[in-house]
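Chemist: Structure below; questions to follow.
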Amino acid sequence: MKKIIYIVLAVLLVGVIGYVLYETLIVARRSPKETVTFNDRGLDLKVVYCRPYKKGRLIFGEEKDKALLPYGKYWRLGANAATEITFSKNATFAGKPVSAGTYRMYAVPGPDAFQISLNSELGVAAAHNEPDYTKDVLKTDIAVQKIPETEQLTIAFSSDAQAVNMDIIWDQNQIRIPIIPQ
């Protein structure tokens, strides 16, 4: 009996090790991890996310058309793991107040706007499953701007006279989220 238990445990251990190696060595290369930092107006911002490529796929669209990210469905705003954003101090995010701290950031794409949410549930490795919506601290709709095609998901910061702008760019879509330190 002990021999069977040891064999089962060994098989499970090999499976877990295999899965971790696959995620680390294969999947992570396809969508490399990126950390973007920006400092302006005394506000330090950091976004950690994984950057998938388009690779000829339909990215945003209808489910019936086999879009990778169907309209109206949860998207972890990257690949491999939940995207996280950190604010060094209180700010407004698209005009809504957010306290200093780190949040899971996700989206629900639409043809004309993306709903962007900040959620207090952190440390979500694969993030394939939808978040615990009761932990959402902020939801906002951001208009989509059509742009020339971008192959790889990109999150970038810039600033203008009004705000720090976080741009989320992929495929032929760009959303710009103004962030103002308090």
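Chemist: Among the listed residues D136, D132, D171, D141, which satisfies the condition of being of a type in the set (D, E, K, R), under 17 Å from the mean Cα position of the chain (by Cα) and within 19 Å of S31 (Cβ to Cβ)? Show your work before the answer.
Modeler: Values: D136 fails: within 19 Å of S31 (Cβ to Cβ); D132 fails: within 19 Å of S31 (Cβ to Cβ); D141 fails: within 19 Å of S31 (Cβ to Cβ).
Checking each option against the conditions leaves just D171.
Chemist: All but one of (1) touching a residue at least 24 places away in the same chain (Cβ under 8 Å); (2) surrounded by fewer than 19 Cβ atoms within 10 Å (Cβ to Cβ); (3) more than 17 Å from I59 (Cα to Cα) hold for M166, so report the exception by its number.
Modeler: (2)
Chemist: A follow-up question, please. Identify all residues within segment 36-58 that are in contact with a Phe, Trp or Tyr (Cβ under 6 Å, 6 or more places away or on another chain) and closer than 18 Å to Y106 by Cβ; write none if there are none. Give the derivation first.
Modeler: Residues of segment 36-58 that are in contact with a Phe, Trp or Tyr (Cβ under 6 Å, 6 or more places away or on another chain), as a first pass: 38, 45.
Listed by number, the list holds a single entry, L45.
Chemist: Can you confirm whether segment 16-36 contains a residue that is closer than 19 Å to S158 by Cα, at pLDDT 95 or above and buried (at least 19 other Cβ atoms within 10 Å of the Cβ)? Before the answer, list the steps.
Modeler: Looking only at segment 16-36, we keep the residues that are closer than 19 Å to S158 by Cα, and these are 34-36.
Then keep just the ones that are at pLDDT 95 or above; that gives 34-36.
Filter once more, keeping what is buried (at least 19 other Cβ atoms within 10 Å of the Cβ): none.
So far as segment 16-36 goes, no, none of its residues is closer than 19 Å to S158 by Cα, at pLDDT 95 or above and buried (at least 19 other Cβ atoms within 10 Å of the Cβ).
Chemist: Go through segment 67-86 residue by residue and tally those that are more than 14 Å from A107 (Cα to Cα) and at pLDDT below 95. First the steps, then the outcome.
Modeler: If we filter segment 67-86 for residues that are more than 14 Å from A107 (Cα to Cα), which is where we start, we get 67, 80, 86.
When the remaining residues are screened for being at pLDDT below 95, the result is 80.
Counting residues in segment 67-86 that are more than 14 Å from A107 (Cα to Cα) and at pLDDT below 95 gives 1.
Chemist: Would you confirm whether any residue within segment 124-132 is at pLDDT 95 or above and assigned by TED's automatic domain parsing to the domain that holds K73? Outline the logic, then answer.
Modeler: Quick first cut of segment 124-132, residues at pLDDT 95 or above only: none.
No, there is no match, as no residue in segment 124-132 is at pLDDT 95 or above and assigned by TED's automatic domain parsing to the domain that holds K73.
Chemist: Residue by residue through segment 130-156, note down the ones that are part of a strand (DSSP E or B) and either among the polar types (S, T, N, Q) or farther than 19 Å from Y106 by Cβ (or both).
Modeler: Step one: filter segment 130-156 for residues part of a strand (DSSP E or B), giving 136-143, 145-156.
Answer for segment 130-156, where residues must be part of a strand (DSSP E or B) and either among the polar types (S, T, N, Q) or farther than 19 Å from Y106 by Cβ (or both): T140, Q145, K146, I147, P148, E149, T150, E151, Q152, T154.
Chemist: Further question on the same structure: Is it the case that segment 45-66 has a residue that's among the hydroxyl-bearing types (S, T, Y), out of contact with any helix residue (DSSP H, G or I) (no Cβ under 8 Å at 6 or more places or on another chain) and modelled with pLDDT of 80 or more?
Modeler: To start, the set of residues in segment 45-66 that are among the hydroxyl-bearing types (S, T, Y) comprises 49, 53.
Retained after the next criterion (residues that are out of contact with any helix residue (DSSP H, G or I) (no Cβ under 8 Å at 6 or more places or on another chain)): 49.
In the following step, the residues that additionally are modelled with pLDDT of 80 or more were identified as 49.
Yes, segment 45-66 contains at least one residue that is among the hydroxyl-bearing types (S, T, Y), out of contact with any helix residue (DSSP H, G or I) (no Cβ under 8 Å at 6 or more places or on another chain) and modelled with pLDDT of 80 or more.
The values are calculated or read from the model by the stated rules, or taken from the named source; none is laboratory data. Model, not experiment: these values are computed from the prediction. Every residue, glycine among them, receives a Cβ derived from its backbone with ideal geometry; neighbour counts consider all protein chains shown.
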